[in-house]
1. Considering the convex hull of the alpha carbon atoms of segment 1-46, report its projected area averaged over all viewing directions, in nm², one decimal.
2. Return the Rg/Rh value of segment 150-190, two decimal places, where both radii are evaluated on C-alpha atoms and Rh is the Kirkwood radius.
3. Could you work out what % of the accessible surface of the chain is carbon and sulfur, using a 1.4 angstrom probe and leaving DNA, RNA and ligands out of the count?
4. Take the Cα pairs of segment 152-237, get the Kirkwood Rh, then feed it into Stokes-Einstein at 25 °C and 0.890 mPa s and tell me D in µm²/s.
5. Viscosity 1.306 mPa s, temperature 10 °C: Stokes-Einstein D of segment 39-175 from its Kirkwood Cα radius, in µm² per second?
6. How high is the relative contact order of segment 140-294, given as a whole-number percent (alpha carbon pairs under 8 Å, six or more residues apart)?
7. Taking just the alpha-carbon atoms of segment 147-294, what radius of gyration and Dmax come out, in angstrom?
8. P(r) for segment 109-200, please, calculated from all Cα pair distances in 5 Å bins and given in %.
Amino acid sequence: MKSTADYIQHVKKYYSDNSSKYHSCYDGEGDYPANAFRLEIARHLIKQISPRPLRVLDVGCGDARVLAELVKDGFDCVGFDNNELMLELGAKVLEEYDIDAGRIQNASIYEIPFPDSSFDVVLCLGVVSNLPNHDDIFSEFKRVLKPGGRVIASFTNQLFDIFTFNQYTIDLCVDLMKESNVPAEIVGDISQKLGGLVKLNEVPTPFKAMFDTDINKSGVEIEKYSQLNIEEKLRGRGFKLEEIRHYHYHPIQPRFERQYLDLFMNHAQSLETVNYDWKGALLCSALVAQFQAV
């Protein structure tokens, strides 16, 4: 088992190594601009909250473009990240928006540097699914929120693994068998047979500039979420689920995306929406949830 500190350094290195192309997750340039659709969902949700939130905290603000958009929308938003290179990029983005770079700082999600009851909304996009110790993370969210405050956070969508027909599908099947107390030798036998059925040796690398899956999570316990389990997980931590939206559509299985690249890049983006679409529960690799402290 990796120590949390060592793993956090590994995640920091991943984002530092990829900082020069992080922008492509928003503006495309040959990549799928999944983060841009995630941003629009977050903006839509926060604007729907009544009464209108006053103070917003962007946890893991990265290059600060989400924070910049929220400030432009009229919200008093500050943020932090633990990656120095991303914060340098963030300072440049804020300068482009004519926003004070003092709105962002270097800090840890496990020790949020703000007093209790400081914010109406905590925003956390592209962070939680890469980190362990979610009890500690959500405890900090609740601490800095005002009573009844909201969290808007993104998660990897575990249900998408049903649709992918690749190693993730097998991993999900294995997890479900283990949780159902199927004997280990039978799990191993079936896992091997499933590998042959889906022809893992023929699965190409999906088309994307950055993969969170490139972060080596072996030896680290990271919780998984989907539309089916997130309400229960949040309730156990003192939150009430209010909204779910899905993003990063895959109308065809990822193993075929390079073969039908135009279909993936164009048609998939036409499916992206700030509204709820049940198909997204299976066709989208990620989700955004809004939940309230209770």
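1. If I average the Cα hull's projected area over directions, I get 4.8 nm².
2. Reported Rg/Rh (Cα atoms, Kirkwood Rh): 1.15.
3. 52
4. D, rounded to a whole number, is 164 µm²/s.
5. The diffusion coefficient I find is 100 µm²/s.
6. Computed value for segment 140-294: 42 percent relative contact order.
7. Using the Cα atoms of segment 147-294, the pair Rg, Dmax is 17.0, 52 Å.
8. 3, 12, 17, 14, 12, 10, 10, 10, 7, 5, 2
The values are calculated or read from the model by the stated rules, or taken from the named source; none is laboratory data. None of these values were measured; they are calculated from a predicted model. Glycine also receives a Cβ, built like all others from the backbone with ideal geometry; neighbour counts cover every protein chain displayed. With ligands, DNA and RNA removed, areas are computed over all heavy atoms of the protein, side chains included. Shrake-Rupley method; radii C 1.70, N 1.55, O 1.52, S 1.80 Å.
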